[in-house]
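Undergrad: Structure provided below as C-alpha cells; questions to follow.
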Amino acid sequence: MFAFALGFGSTVAEPALIAIASRAAEVVAQGGLIVDTSSSQNAFALALRLVVAVSVGTAVVVGVVRIFKGWPLHLIIIAGYVVVLLLTLIAPAEMVGIAYDSGGVTTSTITVPLVTALGVGLASSIKGRSPMLDGFGLIALASVMPIIFVLLFGIIGLHFVPGVAP
C-alpha cells in the first residue's frame, strides 16, 4: 500500500505531468479522439494524469516485489518494452507520442528522488540486494509502465471517460 501510494502521489503532483496532460488534451481533441470542448479536454487531462499516476504506483509495487523476490530486472524491462512495441502497433497515432512522453515525465523532479530513496533504502536493508541496481531499477519500471498504461488508455480507455467521446 505504501509503495503504491508513494508512486501514485508523487506522480499525480508532478508539474511536468500536469503540463503534458494539458497539451496532450489539445492534441487528442485536434486528432478527433475526443470532443473539442474545454470540458472534454479537462476530463481527458485529468484521466491521463490518473492513468499515469496509477501506472507509476503499480510500477513501484512491482519493483518492490521484485526486490523482495530477487527477480532479474533486465527480463522485466525487456518484457515491458516488448509489450510497448506491440501496443504501439495498434494504438491510435495521436496517443503514441503522448504515451512515450508520459514515460519520460515520470522521471522528473518529484518522483525520482522519492522512488529512488525507497528502492535504495529497501535494497540496503535486504541482504544480497544491490542498492544501485535495485534503487534505480524502480525508476526504469516507473518509466516503462506509464507507456504501457497510456497506450492501453488510448486503445480501450477513452470510451470510459465521461464526456470525451467524439
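Undergrad: Which residue, Ile148, Ile78, Ile20, has the most motion in a Gaussian network model of the chain that connects Cα atoms within less than 10 Å?
TA: Ile78
Undergrad: Another question, if that's okay. Over the C-alpha atoms of segment 10-50, what are the Rg and the largest Cα-to-Cα span, Dmax, in Å?
TA: Radius of gyration, then largest Cα-Cα span, for segment 10-50: 9.9, 31 Å.
Undergrad: With a 1.4 Å probe and every protein chain kept in, tell me what percent of the accessible surface of the chain is carbon plus sulfur.
TA: 74 percent
Undergrad: Any idea what % of Cα-Cα pairs in segment 41-166 are farther than 24 Å?
TA: 31 percent
Undergrad: Express in whole angstrom the spacing between the alpha-carbon centres of segment 1-29 and segment 84-131.
TA: Using only Cα atoms to place each centre, the spacing works out to 12 Å.
Undergrad: Using only DSSP helix segments of four residues or longer, with each worth -39500 (n - 2.57), what per-residue ellipticity at 222 nm results for the chain after dividing by its residue count and rounding to 500?
TA: Theoretical 222 nm ellipticity from helices: -26500 deg cm²/dmol.
Undergrad: Cα axis of helix 2-12 to longest principal axis of the chain: angle in degrees, 0 to 90, nearest 10?
TA: Around 40 degrees separate the two axes.
Undergrad: Hey, rough spin-label estimate for Met132 and Leu114, points 7 angstrom out along Cα→Cβ, what's it come to in nanometres?
TA: The modelled label-to-label distance comes out at 2.7 nm.
Undergrad: ³J(HN,Hα) across segment 84-89 via Karplus (A = 6.51, B = -1.76, C = 1.60, θ = phi - 60°), whole Hz, x for Gly/Pro?
TA: Values per residue, Gly and Pro as x: 4, 4, 5, 5, 4, 5 Hz.
Undergrad: In vacuo Debye scattering of segment 1-111, one point per C-alpha: log10 I(q)/I(0) at q = 0.16, 0.17, 0.23 Å⁻¹?
TA: The Cα Debye sum returns log10 ratios of -0.79, -0.88, -1.28.
Undergrad: Per 0.36 nm of contour for each residue apart, how much would the distance between Asn42 and Ala19 grow if the chain were fully extended, relative to their Cα-Cα spacing?
TA: My answer for the length gained is 7.1 nm.
The values are calculated or read from the model by the stated rules, or taken from the named source; none is laboratory data. What you are looking at is a predicted structure, and each value in this text was computed from that prediction instead of being measured. Cβ coordinates were reconstructed from backbone atoms using ideal geometry, including for glycine residues, and neighbour counts include every protein chain displayed. Heads up: the accessible areas ignore ligands, DNA and RNA and are worked out on the full protein's heavy atoms, side chains in. Shrake-Rupley method; radii C 1.70, N 1.55, O 1.52, S 1.80 Å.
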